[in-house]
Ligand SMILES: Nc1nc2c(ncn2[C@@H]2O[C@H](COP(=O)(O)OP(=O)(O)OP(=O)(O)O)[C@@H](O)[C@H]2O)c(=O)[nH]1
Ligand SMILES: [Mg+2]
């Protein structure tokens, strides 16, 4: 993968912006949010307004409307290895042979955008060139290098990636590699298992077993939905688009700070962070710093000692409560030595622990909090 592409530089800039924001809050220059009973009451009524009653279709509609409002249609990139059927899938969705399809790997050379009406809005479908193995690209003809670079560039301007894999070949190491790249970029992800028509002797267990196998192979993409399709027969191709648009909405979802902190309190009450060197880090509060991808800043007494597995535990609690299906989420941990929440002072914990800082080391993953429009205003 290219080390310092434009996309990479943009991602780093966004990361720096979110870091600066988190530091402002940590330094007390922005008001931290303190959960009170009054807030809890207000939140309850807010929650009712966007409660579960909304069905999937309505959410999709909302997403399309939001896209319209922002003036930017949802961009969905079809990515994957050469010859898996990306162009075929695009054609099946459009109902016409817009993109060139052939059995020769490397048919699509450049990323091609097609606008498609969706409800009262539009989505942009981006067909991309097959992404080859790194070694092959490095030693291959320059045309191949450029088509891979263009595919990655297309991903950087997309909201959601549909990773197309070949049902017969299964999830290869290269597929996992590309999925990892999607996560690093903070994009939404759908796994489309194409050429399902070629899988012989299917029973009603076949797809479940297939999913189980993929989940075992690549547990880091467990947030991404998987759908079996056939671009050739058109089976379930529409589902792919529906899923991608749902994920577009999930990626832009905001949760209220009150609600977020109730989940945090419940999570830490149930399982407190494990002690490190005899000292248990404390998590004071959290706030959502950005959308696309959803990014959360957690303020802790010793951010660097919040263990990876505990970060994962918190991520799971957030997903359990708020969904965020199909999108990576970022959890960033920051030290906060003076916090306005009422708490008992633990003389052993404070100065030494927070001096360790670990601000950079504290981010759970390479964080990239997304578009400028996704930048959170001061927590409400
Ligand atoms: N049986 C079957 N064949 C398919 C399906 N989808 C695509 N194919 C075939 O797979 C071959 C490759 O399809 P493309 O759509 O060109 O694949 P691509 O991923 O765009 O390939 P590149 O542009 O080279 O990266 C073609 O021969 C298609 O007819 C499918 O669902 N079932
Ligand atoms: Mg193609």
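The values are calculated or read from the model by the stated rules, or taken from the named source; none is laboratory data. Keep in mind that this is a model prediction, so the values were computed, not measured. With ideal geometry, Cβ positions are generated from the backbone for all residues, glycine too; neighbour counts draw on all protein chains shown.
On the stretch given as the stretch 185-208, residues that are surrounded by fewer than 19 Cβ atoms within 10 Å (Cβ to Cβ) and in a loop (DSSP other than H, G, I, E, B) total 7.
Being under 23 Å from residue 242 (Cα atoms) and either in a loop (DSSP other than H, G, I, E, B) or within 12 Å of ligand 2 (Cβ to nearest atom) (or both) is the filter here; which residues of the stretch 102-120 pass it? Within the stretch 102-120, 111, 112, 119, 120 meet the criteria. Does residue 211 meet the test of being surrounded by 22 or more Cβ atoms within 10 Å (Cβ to Cβ), assigned by TED's automatic domain parsing to the domain that holds residue 102 and outside any strand (DSSP E or B)? For residue 211, the condition - surrounded by 22 or more Cβ atoms within 10 Å (Cβ to Cβ), assigned by TED's automatic domain parsing to the domain that holds residue 102 and outside any strand (DSSP E or B) - is not met.
Yes/no per residue for (1) assigned by TED's automatic domain parsing to the domain that holds residue 314; (2) crowded, with 22+ Cβ neighbours inside 10 Å; (3) closer than 17 Å to residue 308 by Cβ:
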residue: 247; (1), (2), (3): no, yes, no
residue: 263; (1), (2), (3): yes, no, no
residue: 268; (1), (2), (3): yes, no, yes
residue: 272; (1), (2), (3): yes, no, yes
residue: 276; (1), (2), (3): yes, no, yes
residue: 281; (1), (2), (3): yes, yes, yes
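If I go through the stretch 86-101 residue by residue, how many of them are within 8 Å of ligand 2 (Cβ to nearest atom) and assigned to a loop (DSSP other than H, G, I, E, B)? Adding up the residues that qualify gives 3. Mind checking which residues of the stretch 217-235 are at positive phi and touching a strand residue (DSSP E or B) at 6+ places or on another chain (Cβ under 6 Å)? Result: no residue meets the conditions.
Looking across the stretch 208-229, the residues that are within 16 Å of ligand 1 (Cβ to nearest atom) and within 26 Å of residue 122 (Cβ to Cβ) come down to 227, 229. Would you check which residues across the stretch 169-201 are under 16 Å from residue 233 (Cα atoms) and over 20 Å from the mean Cα position of the chain (by Cα) and list them? Result: 194, 195, 196, 197, 198, 199, 200. Residues in the stretch 123-176 that are in a loop (DSSP other than H, G, I, E, B) and modelled with pLDDT under 80 were compared, and the one that is farthest from residue 211 (Cα to Cα) is 141.
Among residues of the stretch 137-163 that are assigned by TED's automatic domain parsing to the domain that holds residue 107 and farther than 20 Å from residue 251 by Cβ, none has a Cβ under 6 angstrom from a residue that is at pLDDT 85 or above and surrounded by fewer than 17 Cβ atoms within 10 Å (Cβ to Cβ) at a sequence gap of 6+ or on a separate chain.
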